[in-house]
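The values are calculated or read from the model by the stated rules, or taken from the named source; none is laboratory data. All values reported here derive from a predicted model rather than from experimental measurement. Note that we place each Cβ from the backbone using ideal geometry, even for glycine, and neighbour counts take in every protein chain shown.
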Amino acid sequence: MILKELIQRVQSLYSKGVQSDDSRLSARHIYNVLLSVRATLITQKANKRQHVSQWNYQTLNCVELIKAEPYECPCLPAVGCVILRTKHPLPQPLTGLMGGHMLQSVTSLEGSIIFSETTWEAKKYKKGSKFTSNKPDYFIRDNYLYITTKKGPKAISITGLFDDPLEADKYPGICKEEICKESTPEDVCPDCISPLNKDLPIEKDMVKTLIEMSAQELLSMFSQGREDLSNNTRDSLKEEGK
């Protein structure tokens, strides 16, 4: 659903109709609440081991990798191997049970190599294991994703559930950077489109609950304060308004 439509529906439900020109709720404030509620709905569903629709996921295409400096590595890589990391910090993924990142897949661009998640701590002990030392894997540390490989790809693809879809949408992949260099605002460059005209990744069955919970959270947040619901030069108590 387009973000500006979601924000307007939350605003209308909060204001019980058309909002005042002086409403304290900004689009940014409502968006932050939408993100919080969306994260709660998705993680609760995932933690109950219920199916999370693909409509909630986003894919970061052409994620550029660079060689990591030795001091960034938890251990010396095996002979013939190098450790690579993403050139740019990743957008924050949602986390589920046991703190696992909700990344559905990390693969080479064509999908022939699949990297499984490990941890920075576990990586130190994996080198000596004859069963897992050569298995492609990745770990996340300080917001960067690292992989150990014998023949490193220049870029990878990452599909996951991200805390802020707008941040994920503008992630600077190699392909996107090339597209934007050649694009005008009327073309396909994602960063040339207003954030309010972009979709919020969420399955249709969750939309109504998302709007209602967001409006309720805002009502609870401001129930004890003053809000300028009348279009005049002074604040009016919420209960004095609509």
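Computed quantities for the displayed model
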{"quantity": "Filtered residues of the stretch 128-167 (kept if among the charged types (D, E, K, R), within 24 Å of MET98 (Cα to Cα) and at pLDDT below 85)", "calculated": "LYS135"}
{"quantity": "Per-region count, the stretch 68-101, residues surrounded by 15 or more Cβ atoms within 10 Å (Cβ to Cβ), assigned to a loop (DSSP other than H, G, I, E, B) and modelled with pLDDT under 90", "calculated": "6"}
{"quantity": "Answer residue from the stretch 32-60, given it is basic (Lys, Arg) and part of a helix (DSSP H, G or I) and is nearest to MET213 (Cα to Cα) among those", "calculated": "ARG38"}
{"quantity": "Meets criteria (surrounded by fewer than 17 Cβ atoms within 10 Å (Cβ to Cβ), at pLDDT 70 or above and either over 16 Å from HIS88 (Cβ atoms) or more than 19 Å from the chain's Cα centre (by Cα) (or both)) for LYS181", "calculated": "no"}
{"quantity": "Residue satisfying all of: in the stretch 203-242; hydroxyl-bearing (Ser, Thr, Tyr) and outside any loop (DSSP other than H, G, I, E, B); modelled with the lowest pLDDT among these", "calculated": "SER236"}
{"quantity": "Out of LEU41, LEU34, LEU6, sole residue that is over 17 Å from the mean Cα position of the chain (by Cα) and either modelled with pLDDT of 90 or more or over 30 Å from LYS87 (Cβ atoms) (or both)", "calculated": "LEU6"}
